[in-house]
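Notes follow once the structure below has been shown.
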Amino acid sequence: MSNLNIVVIGTGMFATGRGTTGFGTVLPAISEWKRLEKNIGKVVFVGTNGKRSAQVKEKFDTLCKDTGISLDIDIYPKDDEQDSKAYIKIISEIPRPACAIVVVPDHLHFEVLRECLYKDLPVLVVKPLTPTIEEGKKLIKIAKKRNLHAVVEFHKRWDKANLMLKDTIQKGRIGDLLYCWVEYSQRKSIPAEIFKAWTEKTSILQYLGIHYIDIIRFANSLHRYNSFCNRCNAKKSNGTWTKKMVTLSRFRCLRLHSMFY
């Protein structure tokens, strides 16, 4: 079987751990896949600013040294080049078979995914699929028409605790789930510093709380449901981020409270 080439579009915190002491989620996952499957070809990370590519290379070198797992990796743009559309050339030229992992800000999902689908690349995108239902439906239509595998990366489905939750509910050990209350929090530095360039175009519910909406749906095997959401936006006060609370109700009742600390 031919090795699978991978294009990772986005080189930020979630993709490589850039700006943090860690390695993100995508880079370590690909490394682990190489250890288990060994059928990965070239891995290309594509950002928009060549000055940040050196930071990504440093992350990769450190992870490779720590794990002993080597990858055939390349990073774009190069040097001091800045190109917000650099990924288009890469997804056009990368040898097939290939796939794309999209790890860009929420409001860019539709544009980038559409380009990948039109290049006939199977895609995996970080949640949420798109900020609007209209955009999501358009992408689903394109993927179906071109017979492409296209999925959203809800990695918390595979957390042991969530798999245990699903098993407990599916086997009827606690009866029908009538009411759920989820509380979660995030460091203020995430929206105020790491996501600073696009914070105003998203919300903590959209990029984080969606995990918990999905988990309840996943655990209950729900396919059709109605939902509504009431929320107050986070605001800066004296240069710091204040608390933000989200309440969302679904099927019987699911309530999510989110806050920054």
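The values are calculated or read from the model by the stated rules, or taken from the named source; none is laboratory data. Because the structure is a prediction, the values reported are computed rather than measured. Here Cβ is always computed from backbone atoms with ideal geometry, including for glycine, and neighbour counts include all displayed protein chains.
Quick notes on this structure:
- Any hit, the stretch 156-172, residues being surrounded by 11 or more Cβ atoms within 10 Å (Cβ to Cβ) and within 21 Å of Leu4 (Cα to Cα): no
- Every residue from the stretch 4-59 that is hydroxyl-bearing (Ser, Thr, Tyr) and either assigned to a loop (DSSP other than H, G, I, E, B) or surrounded by fewer than 18 Cβ atoms within 10 Å (Cβ to Cβ) (or both): Thr11, Thr20, Thr21, Thr25, Thr48
- Within the stretch 82-130, the residues that satisfy the criterion of being assigned to a loop (DSSP other than H, G, I, E, B) and either among the charged types (D, E, K, R) or without any contact (Cβ under 8 Å) to a residue 60 or more places away in the chain (or both) are Asp83, Ser84, Lys85, Arg96, Lys119, Asp120, Pro122, Lys127, Leu129, Thr130.
- Verdict on Thr168 being over 22 Å from the mean Cα position of the chain (by Cα), at pLDDT 60 or above and either among the polar types (S, T, N, Q) or assigned to a strand (DSSP E or B) (or both): yes
- Scanning the stretch 173-192 for residues that are exposed (fewer than 12 other Cβ atoms within 10 Å of the Cβ) and either touching a strand residue (DSSP E or B) at 6+ places or on another chain (Cβ under 6 Å) or under 30 Å from Leu113 (Cα atoms) (or both) yields a total of 2.
- Screening Arg224 on (1) in contact with a strand residue (DSSP E or B) (Cβ under 8 Å, 6 or more places away or on another chain); (2) modelled with pLDDT under 55 shows it passes everything except condition (1).
- Residue within the stretch 148-162 that is part of a loop (DSSP other than H, G, I, E, B), at pLDDT 95 or above and either of a type outside the set (Asp, Glu) or out of contact with any strand residue (DSSP E or B) (no Cβ under 8 Å at 6 or more places or on another chain) (or both) present: yes
- Within the stretch 87-96, the residues that satisfy the criterion of being within 16 Å of Leu113 (Cβ to Cβ) and surrounded by 16 or more Cβ atoms within 10 Å (Cβ to Cβ) are Tyr87, Ile88, Ile90, Ile91.
- The stretch 180-204, subset in a strand (DSSP E or B) and touching a Leu at 6+ places or on another chain (Cβ under 9 Å), residue nearest to Thr11 (Cα to Cα): Gln186
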